[in-house]
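**Q** Once you've had a glance at the structure underneath, I'll fire off some questions.
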């Protein structure tokens with residue numbers, strides 16, 4: 001019975017209250033996809049990464065989740081979110097590395113800045129979920 005107890009803590013005003021499930025490191029939050037509310041269980045680090053991506057892309061976490069949900073995917077939605085997060089940062093890392101190689105510098109701060117800047121179009125962000 002104890003493993004079903006939940007502890008509440010405030011994590012983000014835009015998402016409301018996060019719920020930490022006892023006995024796990026998963027945080028349950030609600031997101032809106034196509035006007036419908038759905039619960040998503042992710043590790044706190046994944047929520048933090050989604051916040052970072054949404055800030056870089058200048059969009060809401062709800063819109064990011066809707067993009068991932070709309071893309072064809074094997075497996076479940078939460079798994080697809082984790083893959084999207086990994087692909088997003090993997091792309092940013094590869095872009096920074098290739099730019100640094102072209103300029104002859106392995107520590108090119110400008111390349112890292114460009115790779116981590118927000119996408120200039122919605123298509124660039126959509127391409128990340130399609131590249132899975």
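**Q** Which condition from (1) buried (at least 17 other Cβ atoms within 10 Å of the Cβ); (2) at pLDDT 95 or above; (3) not in a helix (DSSP H, G or I) is the one that residue 81 breaks?
**A** (3) is the only condition that residue 81 fails.
**Q** Considering only the stretch 26-43, how many residues are without any contact (Cβ under 8 Å) to a residue 24 or more places away in the chain and either part of a helix (DSSP H, G or I) or touching a helix residue (DSSP H, G or I) at 6+ places or on another chain (Cβ under 6 Å) (or both)?
**A** 1
**Q** I'd like to check something: does the stretch 91-111 contain any residue that is at pLDDT 50 or above, within 19 Å of residue 47 (Cβ to Cβ) and in a helix (DSSP H, G or I)?
**A** The answer is yes; a qualifying residue exists.
**Q** Please determine, by comparing only the residues of the stretch 50-61 that are crowded, with 18+ Cβ neighbours inside 10 Å and in contact with a strand residue (DSSP E or B) (Cβ under 9 Å, 6 or more places away or on another chain), which one is farthest from residue 31 (Cα to Cα).
**A** 50
**Q** While we're here: Tell me which residues, restricted to the stretch 62-72, are over 17 Å from residue 30 (Cβ atoms) and surrounded by 17 or more Cβ atoms within 10 Å (Cβ to Cβ).
**A** 67
The values are calculated or read from the model by the stated rules, or taken from the named source; none is laboratory data. All of these numbers come straight from a predicted model, not from anything done at the bench. With ideal geometry, Cβ positions are generated from the backbone for all residues, glycine too; neighbour counts draw on all protein chains shown.
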